[in-house]
Amino acid sequence: MRRQTATGGSNSAGSGRVLRLDPLSLPVSYSAHDTRADGGIRHIELHRERVVLRRAVSGMRMAVNVRVSDFLGIALRETGELQMLVLVHRDPSLSIPLCASNDPDEISKAWTMWSETFALPQLEDQDSDAAPRRRRRNAIRSRRPRFLMRRRVGHLLNPAAVYRDEREIIARD
């Protein structure tokens, strides 16, 4: 039986300055920089099917469980000489760093391995903004008052009971 770390993963990685995770040794848990979290650190658990992000914001501890299929892909981001592989989500606060290195050959090999492991596409360097917010109200909502939205409109009580201009046929024994 393997010893488990405090964050619940079986392997601890990413403790050094340059991040190098092995996609073949999943599940893995490590800490990453997070500007919104208390202390500036969030704990990440990577599994083949899901990702668990643990952090505390304003004293409130939370764990966010995200399926790997909800991510857009693996992106390569360049910051000066350092190249970084990131598991990209539509919400930028859920994007996760996977690997950082100065060696382009190492990054390209890791890029294909992570892409094959998670079955996600390889994305070009795109530091996109947050996804646009969805409209919460539809166009018809502004036309009718709120309490009328719950009522059904135009239905008869029992449409089968109305007989007009018909001759009734009665069979008698």
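Give, as a single signed number, the net charge of other residues whose beta carbon lies under 14 Å from the beta carbon of S69, with Lys and Arg counted +1 and Asp and Glu -1. Net local charge, S69 excluded: +2. Placing dummy labels 7 Å off each Cα toward the beta-carbon, the span from L82 to Q122 is 2.3 nm. Placing a pseudo-label 7 Å from each Cα along the Cα-to-Cβ vector at N65 and D38 gives an inter-label distance of 2.3 nm.
Coordinate-derived values only; no laboratory data. The structure presented is a predicted model; accordingly, all values stated were derived computationally and were not measured. Reconstructed Cβ throughout: ideal geometry from the backbone, glycine too, with neighbour counts over all protein chains shown.
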